[in-house]
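Colleague: Starting off with a structure, shown below.
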Amino acid sequence: MTELRKARVATASLAGCFGCHMAILDMDERLIDLMGKVEIDRSPLTDFKKFTRRCDIGIIEGGCCNEENVHVLRDFRRNCDVLIALGQCAIMGGLPAMRNAIMHSDEPLRECLEEAFIDGRYIRNTTHNIPNDPALPLLLDEVYACSEVVEIDYNIPGCAPTGDVIYDTLIKLLAGKFHGFERDMIRFD
Amino acid sequence: MSAFRFTIDGVEIAAEEGQTIMEAADEAGVYIPRLCDHEGLRHQGSCRVCTVKSDGRSVAACTQPAAPGLVVENESAHITKLRRDLVEMLFHEGNHLCPICEASGNCELQAMAYRLDMTEPTKFPYLEPCRAVDASHPDIALDTNRCIACGRCIRASLDVDGKGVFGYIGRGIHRRVSVNGDNLADTDAAITDFAISNEVCPVGCIIRKREGFATPIGEREFDKALIGQDIEAKRDD
């Protein structure tokens, strides 16, 4: 006999805008029902910075734009049985990936930072330096989708996904009955 | 003109000589997905999203004439996978960022992805090209990052408007849609052209300035119904 217990869920926001975490709250009163089935471990919602134990489901918002994102994502993959990419940024890079299209010169990152902090027409940067504090995570050459860094098990599309689609998917996953989305629930915006 | 019948996925379709498979299917209320074809424009057969198996051969339904007794396969798992691959490659070839695009919800490429269940990231690489935005015209902007080179604007401008504002340049993967001049302001394009109307550009490349968010996200054409449901509603069985 396996002991019935609540599923442990962890969440993180990488290169995202926290909109997908807001969308989790869009489940509204269904959150009460959901909390009867899950407990939240590492997450901005609990403010736990580390995993207290292995989790069943990890929910990732946002892609990877810096080395800290990659570190967190790998940590989630190591500590979660099932990993879900939530929203377009986690699935395909999203808005931050706009910078990839301008990254075709020899030193794209340098050019990008110089325009942002030194050369840009509307810059008011009295130090004339690119921020370089050791506490700042280094930017990656490009923005990567989560599936380019680790294996992702499920993707919930949307920007942000609706509370409906998140609730529906989680409930079906917890019951072991998730077999893809209804066509009219798929949205990229 | 002689009338005859053929079948699509086992459904009997009435057709007349000279009709393409897609024209007959549209009349009968059977939707065949398409991107480069548009009602009122010359058929081109270049996007291949309308590929069907006709008596076992892969053909573009928008250009292939219907024939008596044809057995056409339209929404089988094999054809749907092929179409999804084509649509995914279109997403990877340009810069199609739905969350920042004002055409989101009205975009046929996006709507096709919804219809074909494109929810997973693919193994294709993103080409992430660096393409220019042409905002020179006072009423129209072109964001060619989103162009899928369907050529609908080319045919609309040439055949309907009688202008020839747009045309293809380059060959193979370098083939792009370009304007007949240094930029759009250089051409005789006007906001009243059919080529500039909302129905011609299937994506968010041709932008009518100052109209973008008149209809909010979530209340747009393909938020309300899957692409092709208007045609499927005509079916009488």
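Colleague: In whole percent, how big is the carbon plus sulfur part of the accessible area of the protein assembly as shown, probe 1.4 Å, protein atoms only?
Modeller: Ligands and nucleic acids excluded, carbon and sulfur reach 52 percent.
Colleague: Follow-up. Apply the Karplus curve 6.51 cos²θ - 1.76 cosθ + 1.60, θ = phi - 60°, to the phi angles in segment B:158-175 and return the couplings in whole Hz, x for Gly and Pro.
Modeller: 6, 7, 8, 7, x, 10, x, 5, 10, x, 7, 10, x, 10, x, 5, 8, 5
Colleague: What does the accessible area of B:R5 come to, in Å² to the nearest 10, when a probe of 1.4 Å is used?
Modeller: Counting only protein heavy atoms, the figure is 130 Å².
Colleague: Accessible area per residue, 1.4 Å probe, Å², for the protein assembly as shown: what's the number?
Modeller: Details: 21670 Å² over 426 residues.
Here the residues of the protein assembly as shown average 51 Å² of exposed surface.
Colleague: DSSP loop (so not H, G, I, E, B), at most 11 other Cβ within 10 Å: list which chymotrypsin sites (Phe, Trp or Tyr not before Pro) in segment B:152-237 pass both filters. Don't skip to the answer; put the middle values down first.
Modeller: Details: sites: B:F166, B:Y168, B:F194, B:F213, B:F222; in loops: B:F213.
Passing sites in segment B:152-237 are B:F213.
Colleague: Residue by residue through A:90-101, how many Cβ atoms from other chains fall within 10 Å of the Cβ on average? Could the numbers behind the result be given before it?
Modeller: Values: counts 1, 3, 9, 4, 4, 3, 1, 4, 6, 1, 4, 10.
For peptide A:90-101, the averaged partner shielding equals 4.
Colleague: May I ask you to evaluate 6.51 cos²θ - 1.76 cosθ + 1.60, the Karplus curve with θ = phi - 60°, for each residue of segment B:8-16 and list the ³J(HN,Hα) values in order in whole Hz, giving x for glycine and proline?
Modeller: Result, ordered by residue: 10, 6, x, 8, 6, 10, 8, 9, 10 Hz.
Colleague: Among all the lysines, which ones have a C-alpha under 16 Å from A:K177's C-alpha, if same-chain residues fewer than 8 places away are not counted?
Modeller: Leaving aside lysines fewer than 8 places away in the same chain, those within reach of A:K177 are A:K37.
Colleague: Suppose we flag GluC sites (Glu not before Pro) only when DSSP calls them loop and at most 15 other Cβ atoms lie within 10 Å. Which is the longest uninterrupted stretch of chain A?
Modeller: Values: sites that count: A:E3, A:E29, A:E151, A:E182.
Excluding the exposed sites themselves, the longest stretch runs over A:30-150.
Colleague: A follow-up question, please. Under a plain spin-label model, where a point goes 7 Å from the Cα along Cα-to-Cβ, how far apart in nm are A:R124 and B:R175?
Modeller: 5.2 nm
Colleague: Working with all protein chains in place, sort A:M185, B:M22 by solvent-accessible area computed with a 1.4 Å probe, largest first.
Modeller: Accessible-area ranking of A:M185, B:M22, largest first: A:M185, B:M22.
Colleague: Counting just the Cα atoms, what span does segment B:84-224 cover along each of its three principal axes? Round to the nearest Å and put the largest first.
Modeller: Principal-axis extents of segment B:84-224 (Cα, largest first): 42, 37, 25 Å.
Colleague: If contacts are Cα pairs under 8 angstrom and at least 6 residues apart, what is the relative contact order of chain A in percent?
Modeller: Across chain A, relative contact order equals 26 percent.
Colleague: Another question, then. How big is the B-A contact in terms of buried accessible area, both chains counted, 1.4 Å probe, rounded to the nearest 100 Å²?
Modeller: Numbers: alone 12140 and 11700 Å², together 21670 Å².
Buried area (both sides, nearest 100 Å²): 2200 Å².
The values are calculated or read from the model by the stated rules, or taken from the named source; none is laboratory data. As the structure is a computational prediction, the values presented were derived from the model and not from experiment. Cβ coordinates were reconstructed from backbone atoms using ideal geometry, including for glycine residues, and neighbour counts include every protein chain displayed. Side chains included, ligands, DNA and RNA excluded: accessible areas come from the protein's heavy atoms. Shrake-Rupley method; radii C 1.70, N 1.55, O 1.52, S 1.80 Å.
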